[in-house]
Amino acid sequence: MAKGVKPRVRVPGKAAKGEIIEIKTLISHNMESGRRKGKDGKLIPRSIINKMEVTFNGKPVFTADWHPAISANPYMSFFAKVEESGEFAFKWTDDDGSIYEKTAKITVG
Amino acid sequence: MSTKQALSALSRREALLLAAGATIVAAGGVVLKSGTAHADQKMVDEAVMKLIGDKKPAEGKITLELPQIAENGNTVPVGVTVDSPMTADNYVKVVHLFADGNPAPEVASLHFTPMSGKASASTRIRLAGTQNIVAVAEMSDGSVFRAQQEVKVTIGGCGG
Amino acid sequence: MKTNWNRITLIAAACAVCVGVFATSANATDWGPYQVDDRRSGYTYMTDESRAMQVDSFQNPGMIWVEQGADLWNETNGKAGKSCASCHGDATESMKGVAARYPVYDEKAKKLQNVETRINTCLEKNMQAEPYKWESKEMLSMTTFINNQSLGMPVDVKIDGAAAEWYEKGKAFYYERRGQLDMACKHCHEDNAGGIIRANTLSQGQANGFPTYRLKWQKVGSLHRRFRGCNKQVRSAPFGNGSDEYLALELYVKWRGRGLPVETPAVRN
């Protein structure tokens, strides 16, 4: 895949100290399972994003390991408790070694 | 003549033959299905053991949010929430999701931290047919919980 | 009675497509803008989960194509050194309403233009660029982006004047039986909307949500791709993407859904 992969994230711009916020992510990817046959009758090789890692100011918040059972254009939502202003960093790792990244800032106070 | 009229005008003999045909087709489907490799409860148990060892999971604490009937097996929304204070010394480390009727049982492993605030996440998954979704949660104190829920997946109609 | 095998074969073939088609929905839900008189958006035939996926602009996977289209809009392309934005400026202003009123009759081209053919005319003539292939990532991104600018606006296509001839052609297509199953569009979408076809619910076949993110496709697809799929399912040779037949049908089907809101990118099964 690697080319033209588009990550989207939604993080609230502001939050109160200690608030638990919901974060939503969506990334464009076929998530080819490796079990589908192409027009030539041959198996299309597996090609998925296998990991999504999220940190806040460098500290781990949430990590997901994905298998081929995750739908195309993977969606993932989760929560984070924010105690200070800072930056969320999102990182997706592709089977082919490609890394897709995105960041989002939040003001707390 | 419309199909509706055609059906109501079926003779008993024709209807019986048609029914017999349908049964053969259905039986063929079953044979085909059992010929295709897919996971089962045993494979799920093995996958669980690989990830958490031989710990015995307890019931409770986990809530799975799944449709009873999925619109399409390609994209089934799933949410999982584990009851936990999510403090530095008492939190959910990981929730593993499995599907016992897919070609491979593993679906996802969701790793939380006390910074997650809430052990809750949702995603969308592929289900090859009607089956159970199994969630196994491992807590920071080493205890393990398990929950499961069935999702019915209908076959796509229009050329599906 | 002598068994009529030919008849059984025919009926069985029809059943493969039509089992359960005859259940009708006695649903009295208030669908708000998604229903106008007896015209119901495909939205009303989806499950709660799929509807939730559509209306949350973040969860909606079709929004990926909208964002890709927004990038393309500002990209310089072709020998004229122009982007779409060079002439059309801010798409949120200039493209608003396009999806509600298209397809339209183009006096210069002397034919009906839908959003796809209009984009390619622009690319070739004004930008001196290569036209997009119909179901390409670029075309789907651009059409999804453009149509999304009319989100919520009621469909209002012109069927008088020079468009009248196209409307009539499209209407004739809709009611014409075709393929080995000898079925017209109307057999499923007018006579049996709300019924079950194998395991799926039949809708009225409205066009207001296209390009649509289909769960089955796992991506966004055009209305003409859907037409081709339908034609193949009744075992009839499909027409080409952008063909006069499908342009005319697009106008007629859009008219059938007049007043329904533009939902691009809709989420459908």
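Every read-out reported here was derived from the displayed coordinates using simple, explicitly stated rules and does not represent laboratory data. As the structure is a computational prediction, the values presented were derived from the model and not from experiment. Ideal geometry is used to build each Cβ from the backbone, glycine not excepted, and the neighbour counts take in all protein chains shown.
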Mind pulling the angle between the C-alpha long axis of helix C:63-73 and the longest principal axis of chain C? Nearest 10 degrees, somewhere in 0 to 90. 30
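Net charge around B:MET43, counting only other residues with Cβ within less than 14 Å of its Cβ (Lys, Arg = +1; Asp, Glu = -1)? Working shown, then result.
Values: positive: B:LYS42, B:LYS50; negative: B:ASP40, B:ASP45, B:GLU46, B:ASP100, B:GLU106.
Summing Lys and Arg as +1 and Asp and Glu as -1 gives -3.
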If you take the square roots of the eigenvalues of the alpha-carbon gyration tensor of the stretch C:63-148 and sort them as a ≥ b ≥ c, do you get rounded (a/c under 1.5), prolate (a/b over b/c) or oblate? rounded
C-alpha center-to-center spacing [the stretch B:47-89, the stretch C:109-131] in angstrom: 51
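How charged is the neighbourhood of A:ILE106? Take every other residue with its Cβ under 13 Å from the Cβ of A:ILE106, and add Lys/Arg as +1 and Asp/Glu as -1.
Once positives and negatives cancel, what remains is 0.
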Separation of alpha-carbon centers, the stretch A:20-68 and the stretch B:101-139, rounded to whole Å: 13
Fluctuation leader among C:CYS230, C:CYS87, C:CYS185 - chain C, Gaussian network, Cα springs under 10 angstrom: C:CYS87
Let's see if you can work this out: charge +1 on each Lys and Arg Cβ, -1 on each Asp and Glu Cβ, no other charges. What is the dipole magnitude of the stretch C:63-148 about its Cα centre, in debye to the nearest 20? 360
Treating the beta-carbon of each Lys and Arg as +1 and of each Asp and Glu as -1, no other charges, what is the dipole magnitude of the protein assembly as shown about its Cα centre, to the nearest 20 debye? 1520
Karplus-derived 3J(HN,Hα) from phi for the stretch C:229-245 (6.51 cos²θ - 1.76 cosθ + 1.60, θ = phi - 60°), whole Hz, x at Gly and Pro, runs x, 4, 4, 5, 5, 8, 6, 10, 5, x, 7, x, 4, x, 5, 4, 4
Rounded to the nearest 20 Debye, what is the dipole magnitude of chain A about its Cα centre when Lys and Arg each give +1 and Asp and Glu each give -1 at the C-beta? 420
Can you tell me the convex hull volume per residue for the stretch B:41-153, based on C-alpha atoms, in Å³ to the nearest whole number? 85
Can you find, among C:ALA109, C:THR121, C:ALA85, the residue sitting farthest towards the positive end of the charge dipole of the stretch C:84-153, where Lys and Arg contribute +1 and Asp and Glu -1 at Cβ? C:ALA109
Checked against the positive end of the charge dipole of the stretch C:150-245 (+1 on Cβ of Lys and Arg, -1 on Cβ of Asp and Glu, about the Cα centre), the farthest of C:GLN204, C:SER236, C:VAL220 is C:VAL220
Please report the antiparallel percentage of the DSSP beta bridges confined to chain C, to the nearest 5. 85
Given springs between every Cα pair under 10 Å in a Gaussian network model of chain A, which of A:ASP65, A:ASP94, A:ASP40 has the largest fluctuation? A:ASP40
Tell me the net charge near C:ASP48. Cut-off is 13 Å between Cβ atoms, C:ASP48 excluded, with +1 for each Lys or Arg and -1 for each Asp or Glu. -3
Where a label projected 7 Å from the Cα of B:GLN148 along Cα→Cβ would reach, residues of the stretch B:87-105 with amide N under 17 Å: B:96-105
Relative contact order (%) - criterion: Cα under 8 Å, at least six apart; region: chain A: 33
Peptide C:43-49, shielding by other chains (average Cβ, 10 Å cutoff): 3
The stretch C:195-247 shape via C-alpha gyration tensor axes, a/c threshold 1.5: oblate
Pairs of alpha-carbon atoms within less than 8 angstrom and 6+ residues apart define the contacts here; what relative contact order does chain C have, in percent? 29
Listed residue pairs exceeding 31 Å between alpha carbons, taken from C:LYS79/C:LYS111; C:LYS96/C:LYS216; A:LYS24/C:LYS125; A:LYS6/C:LYS232: A:LYS24/C:LYS125; A:LYS6/C:LYS232
Using Cα pairs closer than 8 Å and at least 6 residues apart in sequence, work out the relative contact order for the stretch C:63-148, in percent. 44
Run the reach check for A:LYS39 against aspartates and glutamates, Cα to Cα strictly under 19 Å, same-chain hits fewer than 8 apart removed. What comes back? C:GLU135
What shape does the protein assembly as shown take by its C-alpha gyration tensor, where a ≥ b ≥ c are the square roots of the eigenvalues and a/c under 1.5 counts as rounded, a/b above b/c as prolate, and the rest as oblate? oblate
Report Rg(Cα)/(2.2 N^0.38 Å) for chain C, keeping two decimals. 1.06
To the nearest Å, what is the center-to-center distance of the stretch C:156-177 and the stretch C:202-269, using C-alpha atoms only? 16
